[in-house]
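Trainee: I'd like to ask you about the structure that follows.
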Amino acid sequence: MNRQEWLLWRKQGIGASDVPAIMGVSPYSNIVKLYHEKISDIIEDKTNYIMELGNKLEPVARSKYEILNDEDYPPVNFVHAEFPHYRASLDGYNKKLNSAIEIKYVGKSFKDECPVKYFPQIQYQYAVSSCERIDLVQIDDMNNIKYFLVNKDQEYIKAMLEKVDWFWACVIGRKEEE
């Protein structure tokens, strides 16, 4: 799937990177902006220097993680079997281990815990993919990586999915507030 096809695919549901805006923790967007993006006929390819750098470094981080763990983690797109509006593009997925990775460019400093702005994204990936494990893989300016497990939070997932379903109902019904 090329980039335009992927952007269209994302528009047909709620992707993992949409969820921080829905949950009110995104520094880049909010639920109203996301609503208008979802109902628009225009397919925007929003990017900036940091996003482009992160996309460029993603294969480097994935390769290093694969070498360290002696397992392959190809990128994959998931659509939930029961709720097709739940979608997630995983930066890496290992079917045998039923585990995934989320890769983030961090600049000069690694984090020791999952930043709030990424937590909903990873919890949503758990919900959509049914993975047993998801590691947050960080890559810095020197192409070093650091990674750690982000634990699944079932209570958070339940509340998050209720809000995602409410939001999707608003999008489908073209109601900014319900």
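Trainee: Here are some conditions: (1) surrounded by 13 or more Cβ atoms within 10 Å (Cβ to Cβ); (2) in contact with a Gly (Cβ under 9 Å, 6 or more places away or on another chain); (3) modelled with pLDDT under 95. TYR86 meets all but one. Which one does it not meet?
Mentor: With respect to (1) surrounded by 13 or more Cβ atoms within 10 Å (Cβ to Cβ); (2) in contact with a Gly (Cβ under 9 Å, 6 or more places away or on another chain); (3) modelled with pLDDT under 95, TYR86 is out only on (3).
Okay, residues lined up against (1) aliphatic (A, V, I, L, M); (2) in contact (Cβ under 8 Å) with a residue 12 or more places away in the chain; (3) in contact with a His (Cβ under 9 Å, 6 or more places away or on another chain):
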position: GLN12; (1), (2), (3): no, yes, yes
position: ILE31; (1), (2), (3): yes, yes, no
position: ILE39; (1), (2), (3): yes, yes, no
position: ASN48; (1), (2), (3): no, no, no
position: GLU58; (1), (2), (3): no, yes, no
position: HIS85; (1), (2), (3): no, yes, no
position: SER99; (1), (2), (3): no, yes, no
position: SER109; (1), (2), (3): no, yes, no
position: PRO115; (1), (2), (3): no, no, no
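Trainee: Looking at (1) closer than 21 Å to MET160 by Cβ; (2) without any contact (Cβ under 8 Å) to a residue 40 or more places away in the chain; (3) open to solvent by less than 50 Å² (accessible area, probe 1.4 Å), which is the one condition that is false for TYR73?
Mentor: Here TYR73 clears every test but (1).
Trainee: Looking only at helices (runs of 4 or more DSSP H) that lie completely in the range 4-89, which have at least 1 residues being among the β-branched types (Val, Ile, Thr) and closer than 23 Å to ILE145 by Cβ?
Mentor: Passing ranges, in order: 49-69.
Trainee: Can you pull out every residue in the range 115-145 that is more than 24 Å from TYR28 (Cα to Cα) and either polar (S, T, N, Q) or open to solvent by 10 Å² or more (accessible area, probe 1.4 Å) (or both)?
Mentor: Within the range 115-145, SER129, SER130, GLU132, ARG133, MET142, ASN143, ASN144, ILE145 qualify.
Trainee: GLN154 - would you say it is farther than 18 Å from PRO20 by Cα and at pLDDT 95 or above?
Mentor: When the stated conditions are applied, GLN154 does not pass them.
Trainee: Right, something else. Might you let me know whether the range 91-110 holds any residue that is closer than 30 Å to SER40 by Cα and over 14 Å from the mean Cα position of the chain (by Cα)?
Mentor: So far as the range 91-110 goes, no, none of its residues is closer than 30 Å to SER40 by Cα and over 14 Å from the mean Cα position of the chain (by Cα).
Trainee: Hey, among the residues in the range 128-146 that are assigned to a strand (DSSP E or B) and among the acidic types (Asp, Glu), which one's nearest to LEU57 (Cα to Cα)?
Mentor: ASP140
Trainee: Pick out the one residue from LYS175, LYS111 that is modelled with pLDDT under 95, under 21 Å from TYR28 (Cα atoms) and out of contact with any Ser or Thr (no Cβ under 7 Å at 6 or more places or on another chain). Outline the logic, then answer.
Mentor: Values: LYS175 fails: under 21 Å from TYR28 (Cα atoms).
It is LYS111.
Trainee: Can you pull out every residue in the range 98-114 that is among the charged types (D, E, K, R) and open to solvent by 30 Å² or more (accessible area, probe 1.4 Å)? Before you say what the answer is, go through the steps one by one.
Mentor: Residues of the range 98-114 that are among the charged types (D, E, K, R), as a first pass: 102, 104, 108, 111-113.
LYS104, LYS108, LYS111, ASP112, GLU113 - these are the residues of the range 98-114 that are among the charged types (D, E, K, R) and open to solvent by 30 Å² or more (accessible area, probe 1.4 Å).
The values are calculated or read from the model by the stated rules, or taken from the named source; none is laboratory data. Fair warning: this is a prediction, and the values are worked out from it, not measured in the lab. Heads up, the Cβs are rebuilt from the backbone with ideal geometry, glycines too, and the neighbour counts pull from every protein chain shown. These accessible areas exclude ligands, DNA and RNA; they are computed on the full protein's heavy atoms, side chains included. Shrake-Rupley method; radii C 1.70, N 1.55, O 1.52, S 1.80 Å.
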